[in-house]
Amino acid sequence: METMDGYIIYKYMEFFIIPLYLILTFLFVQIWFIWKDVDKNELVHFLANEAFFKKNCLYVLIFSVSFMFHEILEGTGLPYKTIFFELFEIVALLFIALFAYNWHSALKTCASKKALPIELTNFSDNSSST
């Protein structure tokens, strides 16, 4: 009975990981599109902000420690170790998502224009050629 409970917990954790990957993908694509319009001089001043730097360092530290614990526990014979693996993976993904969101917010304030990228708005050229 205990292994079935562990399997159910494992499946719920897997169900939580998939949306985190989708959120990460969304944030990284947004960062990629915003980067073209970022005023680099304004970004330098924003990056010099001590609170921004400390917050990013904390996110990276927790992300790294989570994966270190994941690897350390891999060789042990703990019962339900897959649950611990998934827990540390969720923590790592959560903090890398917070890191990406922090950068997305910072870059959005430094972008010179707030419009959609040309790649998403260039529909008139395609429709006139057909």
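Filtering the stretch 27-63 to residues that are of a type in the set (A, V, I, L, M) and within 22 Å of Phe88 (Cβ to Cβ) leaves Leu27, Leu58, Val60, Leu61, Ile62.
Of the listed requirements (1) surrounded by 15 or more Cβ atoms within 10 Å (Cβ to Cβ); (2) under 29 Å from Asp5 (Cα atoms), Leu78 misses just one: (1). Report, by residue number, each residue of the stretch 48-63 that is free of Cβ contacts under 8 Å to residues at least 24 places away in the same chain and either part of a helix (DSSP H, G or I) or of a type in the set (Val, Ile, Thr) (or both). Passing the criteria: Glu50, Ala51, Phe53, Lys54, Cys57, Leu58, Leu61. From the list Gly6, Gly77, the lone residue that is among the small types (Gly, Ala, Ser), out of contact with any Gly (no Cβ under 9 Å at 6 or more places or on another chain), more than 19 Å from Phe99 (Cα to Cα) and assigned to a helix (DSSP H, G or I) is Gly6. For the stretch 21-44, a residue qualifies if it is exposed (fewer than 15 other Cβ atoms within 10 Å of the Cβ) and either among the polar types (S, T, N, Q) or at pLDDT below 80 (or both), and the qualifying residues are Thr25, Asn41. Selection of the stretch 59-104 for residues being modelled with pLDDT under 90 and among the small types (Gly, Ala, Ser) yields Gly75, Gly77.
The values are calculated or read from the model by the stated rules, or taken from the named source; none is laboratory data. No experiment lies behind these values; they were computed from the predicted model shown. Cβ sites come from the backbone with ideal geometry, for glycine too, and all protein chains shown count toward neighbours.
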